Amino acid sequence: MTLFDYGVSHGDTFLTHLQTKPMVDYADDVTVVDHGSSSSPAQNSPTPISTPLPTGAANEISMTKVDTALNSTKPASKPSESALEVSCDYCDNTLNSKCNHCGCHYCGLKVDENRTVACYKCEQFFHMGCLPEPLTTIPEGDWYCDLCKNDPNAVVSGENIQNLAGTQQSKMPSAKQTKKRDYKTRVKTKTCTIVPKDHIGSIPGVHVGQSWKFRIHVSELGIHRPPVAGISGSAKKPAVSIVLAGGYPEDIDHGEEFVYTGSGGYDFVGTSQQRKAQSFDQELTRQNRGLALTCAAPIDDKVGGTANNWKESSAIRVCRSYKAAKKHPEYAPAGGVRYDGLYRIVKYWKEKGVSGFYVWRYLFRRDDPEPAPWTDEGKAFIEKMGFTMYDPDVDVDGRTGKSKAGSAVAAKKYKFQPTAILRELLRLDTENSRMWADIHEKEYATESAYLEELTEGHLSCPICQELVQQPVTLPCSHNVCCSCLCSSMNAYGNICPMCCHDFSSMGSKADVKGKVNQNLVTIMHALFPSYGSECITEPKVTSTQFARRQGQPVN
């Protein structure tokens with residue numbers, strides 16, 4: 001009779017740990033693990049999640065780990081140095097000996113572990129102070145040493161790598177320029193993934209009163225995507241946002257209402273003085289027509305139109321630039337660009353402007369539940385939310401809340417608190433309960449940062465890299481688009497495209513198509529108004545939906 005079956009084959013290497021402490025009886029809390037049974041769960045099978053989830057403060061929930069030597073569950077403790085020692089084939093494994101393999105690659109010393117980084121590719125160790133360009137803080141994400149990182153002077157042409165060092169391009173002044181870029185040369189570094197580019201209405205996570213130093217950051221958040229143009233729209237699709245910058249002498253601003261002048265009428269050929277004066281009539285085309293399409297009135301390119309009910313006009317996001325302060329300082333921000341909420345067009349018409357040429361004018365009226373930032377209520381709201389103008393040149397990133405290297409300024413972060421309805425929706429999504437618990441334990445600088453982590457990480461399809469559509473939650477807790485998963489099954493079988501976990505237990509492709517996580521779909525609609533084909537801004541959990549999700553009979 002075999003007392004212990006560890007499933008060890010001939011030639012396997014394993015470590016033994018001798019414990020000198022007195023023997024203690026762990027028979028009451030020992031966890032028996034059968035490694036040799038063929039019916040044991042797969043190695044990558046998910047850890048069962050208790051239902052309901054633990055509640056209470058984070059410091060009230062004790063973390064536990066499995067002691068592999070005794071197969072018992074004990075409170076987590078700091079591992080001893082002997083348990084962390086690694087056998088090296090290139091030295092005598094003593095702390096005093098120098099080794100470029102298990103110690104610092106440059107100095108060979110095995111000290112100062114808290115100031116040591118490891119290369120993601122070659123897995124060598126480096127002291128931060130020994131690097132050719134010493135580091136002051138531990139880098140986030142994957143880090144590569146000088147031997148493994150790509151040459152910034154090299155470009156890939158087809159399958160060949162061309163080194164540009166020493167070429168004519170490297171000798172040009174632009175290659176040696178060290179002057180800091182100003183706002184005119186800033187480039188877009190990211191694209192909003194929370195909503196599509198033609199999204200109508202407010203952006204999730206963006207509130208009235210938030211401001212940014214440069215227009216490009218307003219574009220990155222999806223509030224007003226064109227980096228230069230004042231109108232975001234076209235002749236075929238209604239406009240979704242505008243920026244007030246006081247560019248036309250006909251503009252009138254009263255805060256809650258303003259008269260906006262359309263685009264066009266200027267000839268950009270000639271001197272700067274010639275371009276300041278309107279030289280021909282504006283037409284109801286392109287962006288001007290896009291504004292007219294939002295008004296709840298028929299399109300008339302002769303005289304314009306008036307909405308029978310201006311509340312039925314399409315909502316337009318309005319931002320005010322500091323440039324508008326030249327004419328209307330009481331409503332414009334002191335600096336940068338500020339989001340002022342949703343407005344709707346009451347009417348639009350054609351009239352002769354100051355220059356004697358025709359212009360198209362639009363009467364906007366504010367229709368946003370959040371208070372205007374120039375009012376006392378709006379100022380109190382901004383102070384309560386802790387909004388400050390996002391400036392990328394300061395020590396703290398106002399969008400993500402990450403402190404820059406060497407910064408002495410601490411980033412302010414907050415925990416995201418979902419509403420009562422959203423909490424109920426999250427509770428019903430038992431397949432992703434661990435994910436939601438982990439997310440809501442973290443702290444974020446802004447609500448946008450919270451939503452970005454969802455769209456770019458947890459709720460991003462590993463195949464198409466887009467926000468997951470018709471999600472199927474696999475046993476390994478990864479969410480994949482139903483159509484993408486079916487295509488992956490045709491090529492690779494029932495293997496998770498993220499972690500290679502076998503999900504054959506879910507059945508065939510036809511079975512997988514019927515296992516769309518409808519609870520997650522409802523949550524996505526609540527978080528992202530433009531998700532899918534419908535637009536649900538205030539989801540409600542009915543008694544029928546609640547009963548079906550709980551497996552209870554429906555009356």
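Kindly indicate which of L459, L485, L474 is of a type in the set (A, V, I, L, M), in contact with a helix residue (DSSP H, G or I) (Cβ under 8 Å, 6 or more places away or on another chain), surrounded by 15 or more Cβ atoms within 10 Å (Cβ to Cβ) and closer than 18 Å to F528 by Cα.
Of L459, L485, L474, the one residue that is of a type in the set (A, V, I, L, M), in contact with a helix residue (DSSP H, G or I) (Cβ under 8 Å, 6 or more places away or on another chain), surrounded by 15 or more Cβ atoms within 10 Å (Cβ to Cβ) and closer than 18 Å to F528 by Cα is L459.
Among residues of the range 211-225 that are closer than 15 Å to V318 by Cβ and open to solvent by 10 Å² or more (accessible area, probe 1.4 Å), those with a Cβ under 6 angstrom from a residue that is assigned to a loop (DSSP other than H, G, I, E, B) and of a type in the set (A, V, I, L, M), sequence gap 6+ or separate chain, pair up as S211/M389.
You will find that of Q469, Q465, the residue that is out of contact with any Ser or Thr (no Cβ under 7 Å at 6 or more places or on another chain), open to solvent by 70 Å² or more (accessible area, probe 1.4 Å), within 24 Å of I200 (Cβ to Cβ) and not small (G, A, S) is Q469 and no other.
Here Y358 meets each of (1) in contact with a Lys or Arg (Cβ under 9 Å, 6 or more places away or on another chain); (2) open to solvent by less than 50 Å² (accessible area, probe 1.4 Å) with one exception, condition (2). Mind listing just one residue for me: the one in the range 297-312 that is aliphatic (A, V, I, L, M) and in contact (Cβ under 8 Å) with a residue 24 or more places away in the chain and, of those, most open to solvent (accessible area, probe 1.4 Å)? Within the range 297-312, the match that is most open to solvent (accessible area, probe 1.4 Å) is V303. There is at least one residue in the range 322-340 that is touching a helix residue (DSSP H, G or I) at 6+ places or on another chain (Cβ under 7 Å) and either open to solvent by 50 Å² or more (accessible area, probe 1.4 Å) or part of a strand (DSSP E or B) (or both).
Applying the selection to the range 188-247, what residues are touching a strand residue (DSSP E or B) at 6+ places or on another chain (Cβ under 7 Å) and among the basic types (K, R)? Listed by number, the residues that qualify are K213, R215, R225. Of the residues making up the range 358-391, those that are in a loop (DSSP other than H, G, I, E, B) and in contact with a Phe, Trp or Tyr (Cβ under 6 Å, 6 or more places away or on another chain) number 2. Of the residues making up the range 162-174, not a single one is in contact with a helix residue (DSSP H, G or I) (Cβ under 7 Å, 6 or more places away or on another chain), at pLDDT 80 or above and outside any loop (DSSP other than H, G, I, E, B).
Pairing each residue of the range 235-255 that is touching a residue at least 60 places away in the same chain (Cβ under 8 Å) and on the phi > 0 side of the Ramachandran plot with any residue that is of a type in the set (S, T, Y) and part of a loop (DSSP other than H, G, I, E, B), provided the two are 6+ apart or on different chains, yields C-beta distances under 8 Å for G255/Y331. The set of residues from the range 424-449 being charged (D, E, K, R) and either within 23 Å of I223 (Cβ to Cβ) or surrounded by 13 or more Cβ atoms within 10 Å (Cβ to Cβ) (or both) comprises E424, R427, D429, E431, R434, E443, E447.
The values are calculated or read from the model by the stated rules, or taken from the named source; none is laboratory data. This is a predicted model, so every value here is computed, not measured. Note that each Cβ is placed from the backbone with ideal geometry, even for glycine, and that neighbours are counted across all protein chains shown. The area values use the complete protein model at the heavy-atom level, side chains included, leaving out ligands, DNA and RNA. Shrake-Rupley method; radii C 1.70, N 1.55, O 1.52, S 1.80 Å.
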